[in-house]
Amino acid sequence: MKSIYYLVLLFSIVSCCRTTVVKEEVVTETKNIYTYLEQKTDSMHNVLNNRIIDPDYIILVDNDTVLLDKFIIKPFLTNEGLSIKLNDNLIKTYEFKTLNQAENGFVELSFASNLKKVKYYKNDQLMIFELNSFPCTGLGCLIEFHLIYDLKSKKIHPFGMFRNYEGNLYRFPNLTEPYYLSKSYEGDLNAGEFKYEYTFFKISEENSEFVNKNNVTQSISIEYQDYIPTKINLSKFNLLD
């Protein structure tokens, strides 16, 4: 199942750069979903990998201080929540709410209590702080956060994701800004009826979802019943429109 929604995601990324017509496609039969995806797998992997921006550093945080290039990173907890000291700058993560509807709505980052991973993109002057709650119980263990920090403007872009999700940055032809692909969740996991939605956000001063000239947000949604994908909605348009 995990590979199914990942492959659908790959197809959506390829499609957004290959067509100039806004179109929605819905696949309702499970057998058609599998056939459809199998036909696209090989080429989609290559295209996706070519658009990912590779971080210069990836650090798994296992102590109180992280030394990274010219940065000293110190996460610590207070009565208010998790803070991160980045050199002389203090990031109070608990003051933010996710830009995407991470889990049945927008989620406050006050839930996070642990810095799990740091990614550093030197050319773009961006850092991604991956946060989670530790220790945790129940469904709370499935919520994590990506706090994207712009080292130049000191602007913060907070996102949440349900279940493990790498959350890469992408760059598209003729577009200078990097894009983050968010993963949102809506529904009842215990009942097996839920929806995942993936949406591109432009990491810039605008801090907004990416839309084309017709004001259509580039996204893909996958609906599940009894843990089986039953409907796939693909919004296809050219990023350069």
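What follows draws every value from the coordinates through simple rules; no lab data is involved. Model, not experiment: these values are computed from the prediction. Positions of Cβ are backbone-derived with ideal geometry, glycine not excepted, and every protein chain shown enters the neighbour counts.
Tabulated values for the structure
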item	result
Under 5 Å, built H, 5+ apart or other chain: amide partners of Ile143	Arg163
Ascending count of other beta-carbon atoms within 10 Å, so fewest first, for His146, His157	His157, His146
Relative exposure of Thr230, Thr199, Thr78, judged by other C-beta atoms within 10 Å (fewest first)	Thr78, Thr230, Thr199
Listed pairs Lys116/Lys183; Lys202/Lys231; Lys154/Lys195; Lys119/Lys195; Lys116/Lys154; Lys92/Lys152 exceeding 23 Å between Cα atoms	Lys202/Lys231; Lys154/Lys195; Lys119/Lys195
GluC sites (Glu not before Pro) within region 59-134, DSSP loop, no more than 16 other Cβ atoms inside 10 Å	Glu80
